[in-house]
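**Q** Got a structure for you, written out below as structure tokens; questions coming shortly.
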Amino acid sequence: MNRSSIFTLLLLLLAGCASVPVDRDSEALAKLHMHVADSLARASKFQDAALEYGIVAELYPQTSFYPAALRDAAFLHLHPDNDSANDSTGLYWFNAYLTAAPPSPERRTVEVCVHLLDRIRTLRQSLTLQKAVSDSLAAVAKRQTGEILTLSSQAKQAQGLEAELKKVNEELQQLREVDVRMSKGREKK
């Protein structure tokens with residue numbers, strides 16, 4: 001277990017055992033998780049930071065940190081340096097943000113991100129379909145190429161047989177001519 005995981009478990013344990021009134025306690029714990037998440041994000045520990053933001057979003061939805069936690073969790077799930085980046089998870093958090101967050105200057109940015117993620121998903125599905133069609137067409141083309149090669153080979157064989165038949169017909173014609181001459185020669189005798 002790494003240090004951030006132990007720290008997270010310790011925070012969760014403390015959150016479950018606290019006896020301070022719920023509202024103040026929730027706000028304080030959410031703030032603590034947000035600070036931890038912010039620190040992890042600054043240290044480029046994006047997966048752990050996204051987990052911390054997720055904890056705030058899941059455990060403290062009644063706090064003032066909830067919209068920011070949703071938004072930041074979404075952005076970190078899309079961050080290119082996050083080894084566990086996932087468009088679907090980012091889209092989930094953005095949609096939750098749009099449902100929960102009041103109008104703000106960032107809302108339009110999030111709406112654009114959601115639209116772009118939906119577009120990316122549609123394009124990926126289209127690309128997958130086109131790849132399947134392309135693979136299918138390649139298989140058909142390969143099979144037809146084999147059939148064309150077979151037909152070409154058969155056509156060459158047919159040409160060879162035709163040439164041989166022509167040669168045999170010529171020889172047969174010569175034999176008939178010889179036979180006719182021989183027959184005429186017998187009749188004369």
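The values are calculated or read from the model by the stated rules, or taken from the named source; none is laboratory data. Only a predicted model underlies this, so the values are computations on that prediction, with no experimental measurement involved. Neighbour counts are summed over all protein chains in view; Cβ atoms, including those assigned to glycine, are modelled from backbone coordinates with ideal geometry.
**Q** Kindly provide the set of residues from segment 59-68 that are more than 25 Å from Arg121 (Cα to Cα) and assigned to a helix (DSSP H, G or I), ordered by number.
**A** At the first step, the residues of segment 59-68 found to be more than 25 Å from Arg121 (Cα to Cα) are 59-66.
Passing the criteria: Leu59, Tyr66.
Each row is one residue, and each column tells you yes or no for (1) surrounded by 10 or more Cβ atoms within 10 Å (Cβ to Cβ); (2) not small (Gly, Ala, Ser).
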{"residue": "Ala138", "(1), (2)": "yes, no"}
{"residue": "Leu151", "(1), (2)": "yes, yes"}
{"residue": "Gly160", "(1), (2)": "yes, no"}
{"residue": "Glu164", "(1), (2)": "yes, yes"}
{"residue": "Asn169", "(1), (2)": "yes, yes"}
{"residue": "Glu187", "(1), (2)": "no, yes"}
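**Q** Regarding segment 51-58, can at least one residue be identified that is under 30 Å from the mean Cα position of the chain (by Cα), over 22 Å from Ile120 (Cβ atoms), in a helix (DSSP H, G or I) and charged (D, E, K, R)?
**A** There is at least one residue in segment 51-58 that is under 30 Å from the mean Cα position of the chain (by Cα), over 22 Å from Ile120 (Cβ atoms), in a helix (DSSP H, G or I) and charged (D, E, K, R).
**Q** Condition test on Arg24, is it farther than 22 Å from Arg107 by Cα and either assigned to a helix (DSSP H, G or I) or modelled with pLDDT of 95 or more (or both)? Full working, then the answer.
**A** Details: farther than 22 Å from Arg107 by Cα: yes; either assigned to a helix (DSSP H, G or I) or modelled with pLDDT of 95 or more (or both): yes.
In short, yes.
**Q** Tell me yes or no: at least one residue of segment 92-111 is loosely packed, with under 10 Cβ neighbours inside 10 Å and among the hydroxyl-bearing types (Ser, Thr, Tyr).
**A** Step one: of segment 92-111, the residues loosely packed, with under 10 Cβ neighbours inside 10 Å are 99, 102-103, 105.
Within this subset, residues satisfying the condition of being among the hydroxyl-bearing types (Ser, Thr, Tyr) are 99.
Yes, some residue in segment 92-111 is loosely packed, with under 10 Cβ neighbours inside 10 Å and among the hydroxyl-bearing types (Ser, Thr, Tyr).
**Q** Sticking with this one: Can you name every residue in segment 45-81 that is polar (S, T, N, Q) and out of contact with any Ser or Thr (no Cβ under 9 Å at 6 or more places or on another chain)? Quick ask: steps written out before the conclusion?
**A** Looking only at segment 45-81, we keep the residues that are polar (S, T, N, Q), and these are 47, 62-64.
Passing the criteria: only Ser64.
**Q** Residues Ala74, Ala100, Ala141: which one is at pLDDT below 90 and under 30 Å from Ala30 (Cα atoms)? Before the answer, list the steps.
**A** Details: Ala74 fails: at pLDDT below 90; Ala141 fails: under 30 Å from Ala30 (Cα atoms).
Of the residues listed, the single one that is at pLDDT below 90 and under 30 Å from Ala30 (Cα atoms) is Ala100.
**Q** I'd like the full set of residues that are of a type outside the set (A, V, I, L, M, F, W, C) and part of a helix (DSSP H, G or I), limited to segment 69-96. Let's see the steps before the verdict.
**A** First, pick out the residues of segment 69-96 that are of a type outside the set (A, V, I, L, M, F, W, C): 71-72, 77, 79-84, 86-90, 92, 95.
Scanning segment 69-96 gives Arg71, Asp72, His77, Asp87, Ser88, Thr89, Gly90, Tyr92, Asn95.
Residues checked against (1) more than 14 Å from Asp87 (Cα to Cα); (2) more than 16 Å from the chain's Cα centre (by Cα); (3) not in a helix (DSSP H, G or I):
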residue	(1), (2), (3)
Leu117	no, no, no
Arg121	no, no, no
Thr128	yes, no, no
Ala132	yes, no, no
Ser136	yes, yes, no
Leu151	yes, yes, no
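**Q** So, one more: Based on this model, can you work out whether Pro67 counts as under 27 Å from Cys113 (Cβ atoms) and modelled with pLDDT under 95?
**A** So Pro67 passes the test.
**Q** Ok, one more. Ser84 versus (1) surrounded by 19 or more Cβ atoms within 10 Å (Cβ to Cβ); (2) of a type outside the set (Asp, Glu); (3) in contact (Cβ under 8 Å) with a residue 24 or more places away in the chain: which is the lone unmet condition?
**A** Against the list (1) surrounded by 19 or more Cβ atoms within 10 Å (Cβ to Cβ); (2) of a type outside the set (Asp, Glu); (3) in contact (Cβ under 8 Å) with a residue 24 or more places away in the chain, Ser84 comes up short only on (1).
**Q** If we keep just the residues of segment 29-47 that are surrounded by fewer than 15 Cβ atoms within 10 Å (Cβ to Cβ) and part of a helix (DSSP H, G or I), which is nearest to the chain's Cα centre (by Cα)?
**A** Looking at the filtered set, the residue picked out is Arg42.
**Q** Moving on to the next point. Examine segment 102-112 for a residue that is small (Gly, Ala, Ser) and assigned to a helix (DSSP H, G or I), and state whether such a residue exists.
**A** First, the residues of segment 102-112 that are small (Gly, Ala, Ser): 104.
From the residues that got through so far, the ones that are assigned to a helix (DSSP H, G or I) too are none.
Checking segment 102-112: not a single residue is small (Gly, Ala, Ser) and assigned to a helix (DSSP H, G or I).
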